[in-house]
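Colleague: What follows is a structure written as structure tokens; I'll ask about it next.
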Amino acid sequence: MNSAADAVFWSVIMVVLWVLIVGGAGWVTVRMIRQSRRQPPVRLPSPLDILERRFAAGELTQEQFDDARARLREHELDI
């Protein structure tokens, strides 16, 4: 091949590579966005939820529950 043909060949190859790279990045981005919408967010129990469950299970007395709940409320005001 001559130099003009080489230049055209490599130009076409570079354009194809850039299209593949940009297209692949777009495809990955769309897949990640769609996948994140399908999965519900994980909700961890709040400290108060845990405290209430422990009280309901009989692990805490009324006094311990009231004291712990009061401390949790103090920390809520700090935020």
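The values are calculated or read from the model by the stated rules, or taken from the named source; none is laboratory data. Just so we're clear, the structure is a prediction, and the values are computed from it rather than from any experiment. For neighbour counting, all protein chains shown are included, and Cβ atoms are generated from backbone atoms with ideal geometry for every residue, glycine included. Note: accessible area is taken over every heavy atom of the protein model, side chains too, but ligands, DNA and RNA are not part of it. Shrake-Rupley method; radii C 1.70, N 1.55, O 1.52, S 1.80 Å.
Colleague: For the chain, what is the accessible area per residue in Å² when the probe is 1.4 Å?
Modeller: 93
Colleague: Oh, and also: What shape does region 38-79 have by the C-alpha gyration tensor, where a ≥ b ≥ c are the square roots of the eigenvalues, rounded means a/c under 1.5, and otherwise prolate means a/b greater than b/c and oblate the rest?
Modeller: oblate
Colleague: Here's a follow-up. So what are the ³J(HN,Hα) numbers for region 57-68, from phi and the Karplus equation (6.51, -1.76, 1.60; θ = phi - 60°), rounded to whole Hz, Gly and Pro as x?
Modeller: Rounded to whole hertz, the list is 7, x, 7, 10, 7, 4, 5, 4, 4, 4, 5, 5.
Colleague: Related question: Would you work out which of 13, 32, 46 lies farthest towards the positive end of the dipole of the chain, given +1 charges on the beta-carbon of Lys and Arg and -1 on that of Asp and Glu, about the Cα centre?
Modeller: 13
Colleague: Related question: Do the sum for the chain: with -39,500 (n - 2.57) for every DSSP H run of n ≥ 4, divided by all residues, what is the mean residue ellipticity at 222 nm, to the nearest 500 deg cm²/dmol?
Modeller: Value at 222 nm, helices only, nearest 500: -27500 deg cm²/dmol.
Colleague: How fast does the chain diffuse by Stokes-Einstein, in µm²/s, taking the Kirkwood radius from C-alpha pairs at 10 °C and 1.306 mPa s?
Modeller: For these conditions, the coefficient is 86 µm²/s.
Colleague: Also: Expressed as a whole percentage, what fraction of the accessible surface of the chain belongs to carbon and sulfur atoms when a 1.4 Å probe is rolled over the protein heavy atoms?
Modeller: Here it works out to 63 percent.
Colleague: Quick one: 3J(HN,Hα) in Hz for region 21-32, Karplus 6.51/-1.76/1.60 with θ = phi - 60°, rounded, Gly and Pro as x.
Modeller: 5, 5, x, x, 5, x, 4, 4, 4, 4, 4, 5
Colleague: Compute, for region 7-57, the length of the dipole vector about the Cα centre, with Cβ point charges of +1 (Lys, Arg) and -1 (Asp, Glu) only. Units Debye, rounded to 20.
Modeller: Dipole of region 7-57, to the nearest 20 debye: 200 debye.
Colleague: Sticking with this one: For residue 44, what is the net charge nearby, where nearby means another residue's Cβ is under 15 Å from its Cβ and Lys, Arg count +1, Asp, Glu -1?
Modeller: Result for the neighbourhood of residue 44: 0.
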